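**Q** After the structure tokens below, expect a handful of questions from me.
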Amino acid sequence: MNRADTLVYSTRKMLEELGDKVAPDQKAAIEKGIAELEEAMKSKDAAKVKAEVDKLTKAISEVSTKLYQDAAAKYQAEQAAQGQQGAGPQGGADQAGSPQDDAGQQGGSGPESGGFVDADFKEVKNDKKP
């Protein structure tokens, strides 16, 4: 029953946080699943609760998959648009400025844009005592 309680709570929180990003039909299916799970919890029938947990988990998984696919498509579209911006009449490779300069200005993957930075580091030990 704890798992079911946790699932209901986290699912409601997820719906609240995602807001309009969840399609109305998917949101309705999840809300229906929550209501059915709560009814099953009241009956204290473990098999029924498990079945409803599985149904709700499947509905959440479908929403998560759709959101992930939408985010990936948006990211790919943004990358394609950036690629087109970099390619001018001279071609993308002959553009002035370093790649880091362009990344910061065009929303690339530099630290200014919140992306990842590949860097090497060297640990220096300070053996001098004060």
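Just so you know, all these numbers are worked out from the coordinates, no wet-lab data involved. Remember, it's a predicted structure, so these values are computed and weren't measured experimentally.
**Q** At 0.36 nm per residue, and after removing the present C-alpha to C-alpha distance, how many nm does the segment from Glu123 to Ser10 gain when stretched out fully?
**A** Length gained between Glu123 and Ser10: 36.6 nm.
**Q** For region 2-83, what class follows from the C-alpha gyration tensor (a ≥ b ≥ c being the square roots of its eigenvalues): rounded when a/c is under 1.5, otherwise prolate if a/b is larger than b/c, else oblate?
**A** It comes out prolate by the Cα gyration axes.
**Q** Can you give the relative contact order of region 2-83 as a percent, counting alpha carbon pairs under 8 Å and 6+ residues apart?
**A** Reported as a whole number, the value is 33 percent.
**Q** Then there is this: Going down the list Lys13/Lys58; Lys13/Lys48; Lys21/Lys74; Lys27/Lys66; Lys21/Lys55; Lys32/Lys55, which pairs span over 19 Å between their C-alpha atoms?
**A** Beyond 19 Å: Lys13/Lys48; Lys21/Lys55.
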